[in-house]
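S.K.: Supplied in structure tokens, the structure appears directly below.
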Amino acid sequence: MNDWFMIFIFLWTVFFISILAIGGFFMFRKFLKRMPKEDGKSELDWQEYYINKALPLWGDDAKSLLNELVSPVPELFRDVAKERIAGRISKIALDEQAESIELDHILRGYIIATPKRDHPFMKKKLNQLGIDYSPYEDYFKYADDEKQKFSIFDHSEIVKTEKQK
């Protein structure tokens, strides 16, 4: 009986430490995104800035499409994904001085803001909605991945420099 209890305590300790490490990892990632960059603002500050500035450009159709596009994301992470995608879409629309947020802005922002590992799920959702994403194939290379890390708002400058080549 004593041996079983010791095994249980050991397994519980390993499980507890693992859960704490996983939670700490995600909290540390959030902390890094809150760290100010050279300009004094963090990734999340810029995201919030672009969303607030472009808020009048968002129509009801654009908001409902964004909600539909993030519906496959687990509910726990959906708000974070929605804010990230909305920030990217807002920046694209503001850079182009758009009158309102259109499907073109939404698709480009959605593709770039979605990590590469999630692209199969994203393509499946776009196919379910009957949205043709083939004109946007070039934007898939600008999506975030683990190897090529850049600010989520640097894509505009990267696209400009590549098109000038």
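The values are calculated or read from the model by the stated rules, or taken from the named source; none is laboratory data. All values derive from a computational prediction rather than experimental measurement. Reconstructed Cβ throughout: ideal geometry from the backbone, glycine too, with neighbour counts over all protein chains shown. These area figures cover heavy atoms from the full protein model, side chains too; ligands, DNA and RNA do not enter into them. Shrake-Rupley method; radii C 1.70, N 1.55, O 1.52, S 1.80 Å.
S.K.: In Å², what does the accessible area per residue of the chain work out to with a 1.4 Å probe?
M.R.: Per residue, the chain has an accessible area of 68 Å².
S.K.: If you don't mind, there's one more thing I want to ask. Stick to Cα atoms and the Kirkwood definition of Rh, then tell me Rg/Rh for the chain.
M.R.: Value, to two decimals: 1.11.
S.K.: Moving on. Using a 1.4 Å probe on the protein heavy atoms only, what accessible surface does Val70 show? Give it in Å² to the nearest 10.
M.R.: 0 Å²
S.K.: DSSP loop GluC sites (Glu not before Pro) in region 13-90 with at most 12 other Cβ atoms within 10 Å of their Cβ, which ones?
M.R.: Filter output for region 13-90: Glu38.
S.K.: I've got another one for you. Just Ser64, Ser18, Ser42 to compare: in a GNM of the chain, with alpha carbon springs under 10 Å, which one fluctuates most?
M.R.: Most flexible of the set in this elastic network: Ser18.
S.K.: Roughly how many percent of the accessible protein surface of the chain is carbon and sulfur, given a 1.4 Å probe and a whole-percent answer?
M.R.: So the carbon and sulfur contribution to the accessible surface is 61 percent.
S.K.: Rounded to the nearest 500, what is the chain's calculated 222 nm mean residue ellipticity when only DSSP H runs of at least 4 contribute -39500 (n - 2.57) each, over all residues?
M.R.: After summing the helix terms and dividing by residue count, I get -21500 deg cm²/dmol.
S.K.: Right, something else. Under the definition of Cα pairs under 8 Å and six or more residues apart, what whole-number percent is the relative contact order of the chain?
M.R.: Reported relative contact order: 18 percent.
S.K.: Just read off the accessible area of Phe28 with the full protein assembly in place, 1.4 Å probe, to the nearest 10 Å².
M.R.: Phe28 exposes around 110 Å² with every protein chain in place.
S.K.: When the Karplus curve 6.51 cos²θ - 1.76 cosθ + 1.60 is applied with θ = phi - 60°, which whole-Hz ³J(HN,Hα) does each residue of region 53-66 get, with x for Gly and Pro?
M.R.: 5, 9, 3, x, 7, 7, x, 5, 5, 5, 5, 5, 5, 4
S.K.: Also, I was wondering about something else. So what does Ile17 come to for accessible area, using a 1.4 Å probe and Å² rounded to 10?
M.R.: Spelled out: Ile17, probe radius 1.4 Å, area about 100 Å².
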